[in-house]
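Peer 1: Quick one: this structure, given as structure tokens, is what I'll be asking you about.
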Amino acid sequence: AQRVTQPEKLLSVFKGAPVELKCNYSYSGSPELFWYVQYSRQRLQLLLRHISRESIKGFTADLNKGETSFHLKKPFAQEEDSAMYYCALSASGTYKYIFGTGTRLKVLA
Amino acid sequence: GAGVSQSPSNKVTEKGKDVELRCDPISGHTALYWYRQSLGQGLEFLIYFQGNSAPDKSGLPSDRFSAERTGGSVSTLTIQRTQQEDSAVYLCASSRDLGQPQHFGDGTRLSIL
């Protein structure tokens, strides 16, 4: 069965410190992976997708098929990065998204 | 509209009643999705619609749940004979096509007393 695991419910880092939000998935085929973010009192929105291989707001994520991971990284956290982050998987041939339970990132001043 | 619109934003009802939740997708988006987010849980896929194709209902948790999409636009999620475990935030999303990034609404917070 397809599954997305985000092991940390809460991650606190100081401003300027590196941050890594972990995401592991379980899927035997070729997945498409996404990171969604929800800032306080805002809607859930797409942050980045692995096929784009782009950096958004300084965040990057690399798909590691060997480790079945798609960790989200940023070298220097900013206070405005504080939000809820969700990792999601879409299996090939289907358009259902499987979401993780989310990680709340708190960036401390 | 500018974004996905959901109504009502909050709904409180008694156990056993039926509820209808509405989603108005972004104009021109052919794909529409419903998710449920229970307290402390991730988003749980319920159903998606794509154009005139038969919807993928594989995520609906029971036959008390149903959804329709009229005219390829507005969608209604209906929960019959509500139970307390149905309490959750119900999120709707739309995308230009299947596989394209999804745009989410603000959700409907459903509370069953």
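The values are calculated or read from the model by the stated rules, or taken from the named source; none is laboratory data. Computed from a predicted structure; not experimentally measured. Quick reminder, even Gly has a Cβ in these numbers, built from the backbone with ideal geometry, and neighbours come from all protein chains shown. When the accessible area is computed, the model is the full protein with side chains, heavy atoms only, and any ligands, DNA or RNA have been set aside. Shrake-Rupley method; radii C 1.70, N 1.55, O 1.52, S 1.80 Å.
Peer 1: Would you say A:Gly58 is touching a helix residue (DSSP H, G or I) at 6+ places or on another chain (Cβ under 9 Å), surrounded by fewer than 20 Cβ atoms within 10 Å (Cβ to Cβ) and free of Cβ contacts under 8 Å to residues at least 24 places away in the same chain?
Peer 2: Working: touching a helix residue (DSSP H, G or I) at 6+ places or on another chain (Cβ under 9 Å): yes; surrounded by fewer than 20 Cβ atoms within 10 Å (Cβ to Cβ): yes; free of Cβ contacts under 8 Å to residues at least 24 places away in the same chain: yes.
Criteria met by A:Gly58.
Peer 1: Of everything in region B:62-82, what is within 13 Å of the chain's Cα centre (by Cα), open to solvent by 40 Å² or more (accessible area, probe 1.4 Å) and over 22 Å from B:Gly28 (Cα atoms)? Give them in sequence order.
Peer 2: Once the filter is applied, which keeps residues that are within 13 Å of the chain's Cα centre (by Cα), open to solvent by 40 Å² or more (accessible area, probe 1.4 Å) and over 22 Å from B:Gly28 (Cα atoms), region B:62-82 yields only B:Ser66.
Here's the yes/no breakdown for (1) in contact (Cβ under 8 Å) with a residue 60 or more places away in the chain; (2) under 28 Å from A:Thr103 (Cα atoms); (3) in contact with a His (Cβ under 6 Å, 6 or more places away or on another chain); (4) among the aliphatic types (A, V, I, L, M):
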| site | (1), (2), (3), (4) |
| --- | --- |
| B:Lys17 | yes, no, no, no |
| B:Ser27 | no, no, no, no |
| B:Trp34 | no, yes, no, no |
| B:Asn52 | no, no, no, no |
| B:Ser58 | no, yes, no, no |
| B:Ser66 | no, no, no, no |
| B:Gly72 | no, no, no, no |
| B:Thr82 | yes, no, no, no |
| B:Arg109 | yes, yes, no, no |
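Peer 1: Shifting gears a bit: Please find, within region A:64-77, the residue that is nearest to B:Gly99 (Cα to Cα) out of those that are modelled with pLDDT of 95 or more and open to solvent by 60 Å² or more (accessible area, probe 1.4 Å).
Peer 2: Ranking the qualifying residues of region A:64-77, first place goes to A:Lys73.
Peer 1: Quick check on my filter: what residues within region B:7-52 are among the aliphatic types (A, V, I, L, M), in contact with a strand residue (DSSP E or B) (Cβ under 7 Å, 6 or more places away or on another chain) and loosely packed, with under 12 Cβ neighbours inside 10 Å?
Peer 2: In the first step, residues of region B:7-52 are kept if they are among the aliphatic types (A, V, I, L, M); the result is B:12, B:19, B:21, B:26, B:31-32, B:39, B:43, B:46-47.
Keeping just the survivors that are in contact with a strand residue (DSSP E or B) (Cβ under 7 Å, 6 or more places away or on another chain) gives B:12, B:19, B:21, B:26, B:31-32, B:43, B:46-47.
None; the set is empty.
Peer 1: So, one more: Whether any residue in region B:87-102 is within 13 Å of the chain's Cα centre (by Cα) and open to solvent by 50 Å² or more (accessible area, probe 1.4 Å) is what I want to check. Can you show your working first?
Peer 2: Filtering region B:87-102 down to residues within 13 Å of the chain's Cα centre (by Cα) leaves B:88-94.
From what is left, the residues that are open to solvent by 50 Å² or more (accessible area, probe 1.4 Å) are none.
No, every residue in region B:87-102 fails to be within 13 Å of the chain's Cα centre (by Cα) and open to solvent by 50 Å² or more (accessible area, probe 1.4 Å).
Peer 1: Filter region A:1-42 down to the residues that are touching a His at 6+ places or on another chain (Cβ under 8 Å) and at the interface with another protein chain (Cβ under 10 Å from one of its Cβ atoms), then identify the one that is least open to solvent (accessible area, probe 1.4 Å).
Peer 2: So in region A:1-42, the residues touching a His at 6+ places or on another chain (Cβ under 8 Å) come out as A:20-23, A:32-34.
Then keep just the ones that are at the interface with another protein chain (Cβ under 10 Å from one of its Cβ atoms); that gives A:32, A:34.
On the way: A:Glu32: 39, A:Phe34: 1 Å².
Restricting to residues being touching a His at 6+ places or on another chain (Cβ under 8 Å) and at the interface with another protein chain (Cβ under 10 Å from one of its Cβ atoms), the top hit is A:Phe34.
Peer 1: (1) under 22 Å from B:Ser38 (Cβ atoms); (2) within 14 Å of chain B (Cβ to nearest Cβ): which one isn't true of A:Leu105, the others all being true?
Peer 2: Going through the list (1) under 22 Å from B:Ser38 (Cβ atoms); (2) within 14 Å of chain B (Cβ to nearest Cβ), A:Leu105 breaks only (2).
Peer 1: Now, a different point. The conditions are (1) away from chain B (no Cβ under 14 Å); (2) touching a Pro at 6+ places or on another chain (Cβ under 8 Å); (3) in contact (Cβ under 8 Å) with a residue 60 or more places away in the chain, and A:Gln78 fails exactly one of them. Which is it?
Peer 2: Condition not satisfied by A:Gln78: (2).
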